[in-house]
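*Asks:* Questions regarding the structure given below will be posed in turn.
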Amino acid sequence: MKAGSDLFIVDNSDSEWKVRSYLSEWCDISSAIDIATGYFEIGALLCLKEKWQGVERIRVLMGDEVSRRTRHAFEEGLRKIVDALDSSIEEEKKKNDFLDGVPAVVEAIRAGKIVCRVYRRDKFHAKAYITHGRTAVVGSFALVGSSNLTYPGLNENVELNVQVRGPEVGLLQEWYEKHWQEAGFDGVEKIDGSSSQKQRSDAIRRFAPYYNGSSSVELAGQGKKEIRVLVATDILAEGLNLQDASLLINYDLHWNPVRLMQRIGRVDRRMSPEVEAQIVLDHPELKGLRQKVFYWNFLPPEELDDLLRLYQRVSHKTLMISRALGVETGKLFRKDDTFEQVKDLNKLFDGEQSESEKLRLEYQKLLRDDPELAARLDKLPLKVFSGREHPRPGVKAVFLCARIPRPDPSLIEGAEGQTRWSESAGDAVWVLVQPDGSHLARDPALIAEHIRSLPDTPRSLKWDKADLAPLRKKVEKQLIHDYLRPLNAPVGVSPVLKCWMELH
Amino acid sequence: MPIADLRRISTFEDLRDYLEEELDWRLEGYEFDDLTFEYEPEELGLKDEDAAKVRKIRQLRPLSDGQPWGIFFIEFEKKRLPVVVLRRILSSLVIKKRQSANKSDRAAFKAEDLLFITRFGAANDPEIAFAHFHQDEGDLPTLRVLGWDGHLSAHR
């Protein structure tokens, strides 16, 4: 410490009074310490020994390059663990002392005693250590200058830091608070089962305005604030357009793979070129971010993970047996668990193409090979009926394709903002049944093998349409049970039959 | 509606007609089957011995999207209302605190938002009763049963 009138300089040159010494002393007399730093390394806290644990709260506001430096510090720490095995006993003890402090820091971060924020608005290069005095008599202090919150910054480098005391510390506290707030997330909102339908619809529009028929400009004109981070329960998992978002974090993974896929599908579904162009036009800074959708999944607890692995193994074996015996549908833990759902999920995680993806690629190839096909498909009536001979002689079956409606956020009606259900917001399902309604099959790949036709495959109808009415009713009932009951679909919402084909 | 006509209501289908025609519920002429979701006792966690006491379980589909409350029609084989079975059904339908414990194949409700309309009794003299669970914090849910004849009872 060097003193000249009221100016105290701390530059680490005094072996007794380094920045670390100041902070150690202040830990005893402060209830909280706010730290601004360009870089943060865990070693800086560790060198304060247990002193920092006496402070009730430590806030660290840092520049965004700090994460790399901190990661290096952690990597270095891990490397030292390995190296310690070869070192002398004394050296090992020293390094273990260093490591002893890490769990306490980790625990303090978990408990919210140490809170870190990264300032991203501009390059953050400020260095300040500002205390909040435990008692008014002692008061608050600050050290402002060049020392980063790193071991060299507190101990070794030649730095230039100036101590501030008295009323000026209040000004520094205000400065810190302002930047701390700026580094936080704004526009955070949550919706759950207790939110009204109107609140949900409002939140969806403010979170994903462009894919729900609005825009940032329109929201601003209505005096509504956009939502940047939306925290939601499963109520947002299905039937909504949330493609404005580019990151989905799944916490508390759903046991049913289909529900999980539906969640991801809210964000990772077909993008509209026009809407994407408008987003980039209004927000040029998002141009590079609009190419990909990211999702993070918090993995399930170990026991459930083991169960899922077992499920994967058993489903694979049973599927092989089912195929060998010609059984078209596989069931496992529950009545409605089909192997197709699990296969799709496994393949999604493994990076393989699922059967559904292969079918979509086949469809796209058909469109490429026949440029007029798309126009012909557009002209097809809303319901299509056809028939052909079954590829296997003597086998009879009926193929049905239906759309399952889902809530459509673009169709809000009534004073309470109720969402209407629409086909376009929903998904298509394929079903293959025997004429008596038995042996329900849902595997699209398997069904495709039965119905795949070429342009010269003869159209052949043998059955009276009226005779198929009870079968259609039976299948509809099953689809309501399997798809609409889980969604608690209101009265009047039913599967919409789009096409069917007799195979005789 | 005269009381004599009310007393003639002995099936869920009769009750459905009463709700629409007399109480103006917007059921839009749908048949009972189309108005309800079907459940198997096993889906609601009932073991064989309890499942044997149940003839039919149906849920009235929501009348509007996002409706928080639910009405279940349950027909029992027993001559008296089997309270334990009803309690087991309740525990299967209420929202669990841990999200992943909730079943994905059906809706879940707060206990107070559920009404069970039950049918039981002898074949030639069936009874209809309304059952509702009320729970104070830290206490077991209390079952309150209101018979079609107006008789009220409570079971803890």
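Every number here is computed from the coordinates shown, using simple stated rules; none is lab data. Everything quoted here is computed from the prediction, not taken from an experiment. Cβ: placed from backbone, ideal geometry, glycine included. Neighbour counts: every protein chain shown.
*Asks:* Could you please report the charge total around A:Gly223, scoring K, R as +1 and D, E as -1 over all other residues with beta-carbon less than 14 angstrom from its beta-carbon? List each step's numbers first, then the result.
*Replies:* Values: positive: A:Arg205, A:Arg206, A:Lys224, A:Lys225; negative: A:Asp202, A:Glu218, A:Glu226.
Charge balance near A:Gly223 sits at +1.
*Asks:* What number comes out for the charge environment of A:Leu286, summing +1 per Lys or Arg and -1 per Asp or Glu over other residues with Cβ under 14 Å away? Working shown, then result.
*Replies:* On the way: positive: A:Arg228, A:Lys287, A:Arg290, A:Lys292; negative: A:Glu226, A:Asp244, A:Glu276, A:Asp282, A:Glu285.
My count for the surroundings of A:Leu286 gives -1.
*Asks:* Right, something else. Please work out the FRET efficiency for the pair B:Arg55 and A:Gln291, using the Cβ-Cβ distance as r and a Förster radius of 60 Å; give the result to the nearest 0.05.
*Replies:* Numbers: r = 57 Å, r/R0 = 0.96.
Efficiency computed from Cβ-Cβ geometry: 0.55.
*Asks:* For region B:23-76 and region A:467-501, compute the distance between their C-alpha centroids and round to whole Å.
*Replies:* If you average the Cα positions of each part, the centres end up 17 Å apart.
*Asks:* If you don't mind, another one. Sequence-distant or interchain residues sharing an amide H contact under 5 Å with A:Gly426, placed H: which?
*Replies:* For A:Gly426, the qualifying residues are A:Arg406.
*Asks:* Now, a different point. With θ set to phi - 60° and the Karplus curve 6.51 cos²θ - 1.76 cosθ + 1.60, what are the ³J(HN,Hα) couplings of region A:452-467 in order, to the nearest whole Hz, using x for Gly and Pro?
*Replies:* Each residue's phi maps through the Karplus curve to give 4, 10, 9, x, 9, 5, x, 7, 9, 10, 10, 9, 6, 4, 4, 5 Hz.
*Asks:* OK, next. Kindly express, to the nearest 10 degrees and within the range 0 to 90, the angle between helix B:12-21's C-alpha long axis and the longest C-alpha principal axis of chain B.
*Replies:* It works out to around 70 degrees.
*Asks:* What angle do you read, to the nearest 10 degrees and between 0 and 90, between the alpha-carbon axis of helix B:83-93 and the longest principal axis of chain B?
*Replies:* With rounding to tens, the tilt is 60 degrees.
*Asks:* What are the ³J(HN,Hα) couplings of region A:150-167, residue after residue, when phi is run through the Karplus curve with 6.51, -1.76, 1.60 and θ = phi - 60°? Round to Hz, x for glycine and proline.
*Replies:* 9, 4, x, x, 8, 10, 10, 4, 7, 10, 10, 10, 10, 7, 10, 9, x, x
*Asks:* Say the cut-off is 19 Å between C-alpha atoms; which of A:Lys198/A:Lys225; A:Lys477/B:Lys78; A:Lys379/A:Lys473; A:Lys292/A:Lys365 go over it?
*Replies:* In this structure, A:Lys477/B:Lys78; A:Lys379/A:Lys473; A:Lys292/A:Lys365 lie more than 19 Å apart at Cα.
*Asks:* Ok, one more. Quick one: net charge of A:Ile33's neighbours, Cβ under 10 Å, K/R +1, D/E -1? Display every interim value, and only then the final one.
*Replies:* Working: positive: A:Arg57, A:Arg59; negative: A:Asp34, A:Glu56.
Spelling it out: positives minus negatives among the neighbours equals 0.
*Asks:* What is the spin-label model distance, in nm, from A:Glu16 to A:Val162 if the labels are put 7 Å beyond Cα along the C-beta direction?
*Replies:* For the pair A:Glu16/A:Val162, the computed spacing is 2.5 nm.
*Asks:* Expressed as a rounded percentage, what relative contact order does chain B have, with Cα pairs under 8 Å and six or more residues apart?
*Replies:* Once normalised by length, the contact order is 16 percent.
*Asks:* If you don't mind, there's one more thing I want to ask. Any idea how far apart A:Asp28 and A:Glu107 come out in nm if each label point goes 7 Å out from Cα toward Cβ?
*Replies:* About 2.4 nm separates the two model spin labels.
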